[in-house]
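Colleague: Below you'll find the structure I mean.
No value in this document is a laboratory result; all are computed from the given coordinates. The model shown is predicted, which means the values in this text are computed figures rather than measured ones. Glycine gets a Cβ as well: all are built from the backbone with ideal geometry, and neighbour counts include every protein chain shown.
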Amino acid sequence: MQIGTRSLHADYDEQSDTLYLRSEKEKAAASVSIGNLIIDYAKDGTVVGLEFLNATESIPPLLL
């Protein structure tokens with residue numbers, strides 16, 4: 001899996017307990033869901049976003 005080197009924007013939504021990491025410039029062309037993780041891909045196959053569902057359960061507290 002290749003992750004783009006452009007800057008990522010992080011956003012946490014407390015209501016839905018979701019952490020979003022997304023490229024500020026690239027748009028997602030496709031997504032794949034694996035458990036509590038959604039991976040967004042650009043047309044060239046580069047990862048441009050990660051969405052962690054139930055973030056407080058799936059990510060160590062120090063990272064939030």
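Colleague: Full-extension gain between residue 9 and residue 56, please, as 0.36 nm times their residue separation minus the C-alpha to C-alpha distance. Before the final figure, lay out the partial values.
Modeller: Working: separation 47, 0.36 × 47 = 16.92 nm, distance 1.86 nm.
The residue 9-residue 56 span can extend by a further 15.1 nm.
Colleague: Still on this structure, I have one more. Assign one of three labels to the stretch 22-61, namely rounded, prolate or oblate, based on the Cα gyration tensor with a ≥ b ≥ c the square roots of its eigenvalues; rounded applies when a/c is under 1.5, prolate when it is not and a/b is larger than b/c, and oblate otherwise.
Modeller: Numbers: a/c = 3.56, a/b = 1.96, b/c = 1.82.
Prolate, because a/c is 1.5 or more and a/b exceeds b/c.
Colleague: While we're here: Using a simple spin-label model with points 7 Å from Cα along the Cα→Cβ vector, what separation in nm is obtained for residue 43 and residue 25?
Modeller: Those two pseudo-labels are separated by 1.6 nm.
Colleague: Counting Lys +1, Arg +1, Asp -1, Glu -1, what net charge surrounds residue 11 among other residues with beta carbon under 12 Å of its beta carbon? Could you put the intermediate results ahead of the total?
Modeller: Numbers: positive: 22; negative: 13, 14, 24, 51.
Cβ neighbours under 12 Å give a net charge of -3.
Colleague: Once fully extended, how much extra length lies between residue 16 and residue 32, figured as 0.36 nm per residue of separation less the alpha-carbon to alpha-carbon distance?
Modeller: Gain on extension, residue 16 to residue 32, equals 3.8 nm.
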